[in-house]
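Working notes, structure below.
The values are calculated or read from the model by the stated rules, or taken from the named source; none is laboratory data. Computed from a predicted structure; not experimentally measured. Cβ atoms come from the backbone with ideal geometry, glycine included; neighbour counts cover every protein chain shown.
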Amino acid sequence: MNTQHIDISKDRVPYEKPQPWGMRGDMVIKDILNEDPKLWAPISEGVTSRPLHLNVTQGFYVHLLRVKRSGLLQRHRHSGQVHAHVLKGKWLYLEHDWVANEGDYVFEPPGETHTLVVPEDCDEMITLFMVYGSLIYVDPQGNPTGYDDVFLRIEKYKAHFEKVGLGADYINTFMR
Ligand code: FE
């Protein structure tokens with residue numbers, strides 16, 4: 001067989017031109033499962049959130065949701081798409097017959113209303129959520145009772161970082 005030797009090193013040439021004007025900086029968040037409580041903002045009893053990317057120009061946020069108790073998370077309707085990747089544990093929605101297990105990917109379409117439950121045999125759940133637009137908290141008939149979006153999240157994370165001594169400006173690490 002005639003195999004041609006390819007010298008990979010000749011292809012290892014970096015781009016020489018400047019990046020385009022106006023481009024935002026790239027972002028690498030190391031060690032996203034780091035247990036340091038300063039990085040995890042409390043949401044409610046046993047529920048914390050670690051921000052990874054807060055995007056105010058496209059109106060989305062990426063965060064890790066960590067639930068250290070079984071139970072229910074507020075019923076809500078999504079105005080935009082949601083992508084989820086379960087990193088640890090499992091959860092389900094009362095409105096669906098499937099369970100999101102460790103390693104699974106879930107797409108939540110805009111318009112979807114659901115109620116998240118962490119089952120009793122799960123001590124800890126960690127899921128990466130990418131959330132576009134707003135969560136509208138609703139009663140069982142769909143009547144709005146509150147909302148959440150990247151801007152409200154930013155306020156909550158800022159207050160948390162200030163409180164734990166990282167300083168409110170620590171939020172800038174995640175802003176694009
Ligand atoms: Fe949701």
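Brief remarks follow.
- Here is the figure for the range 116-132: residues that are surrounded by fewer than 16 Cβ atoms within 10 Å (Cβ to Cβ) and touching a strand residue (DSSP E or B) at 6+ places or on another chain (Cβ under 9 Å) total 4.
- Within the range 80-94, if we keep just the residues that are in a loop (DSSP other than H, G, I, E, B) and buried (at least 17 other Cβ atoms within 10 Å of the Cβ), the residue that is nearest to the chain's Cα centre (by Cα) turns out to be Gly80.
- Among the numbered conditions (1) among the aromatic types (Phe, Trp, Tyr); (2) within 30 Å of Gln141 (Cβ to Cβ); (3) more than 15 Å from the ligand (Cβ to nearest atom), the only one that Trp91 does not meet is (3).
- Scan the range 73-90 for residues that are modelled with pLDDT under 95 and either of a type in the set (D, E, K, R) or over 16 Å from Glu124 (Cβ atoms) (or both) and the total you get is 1.
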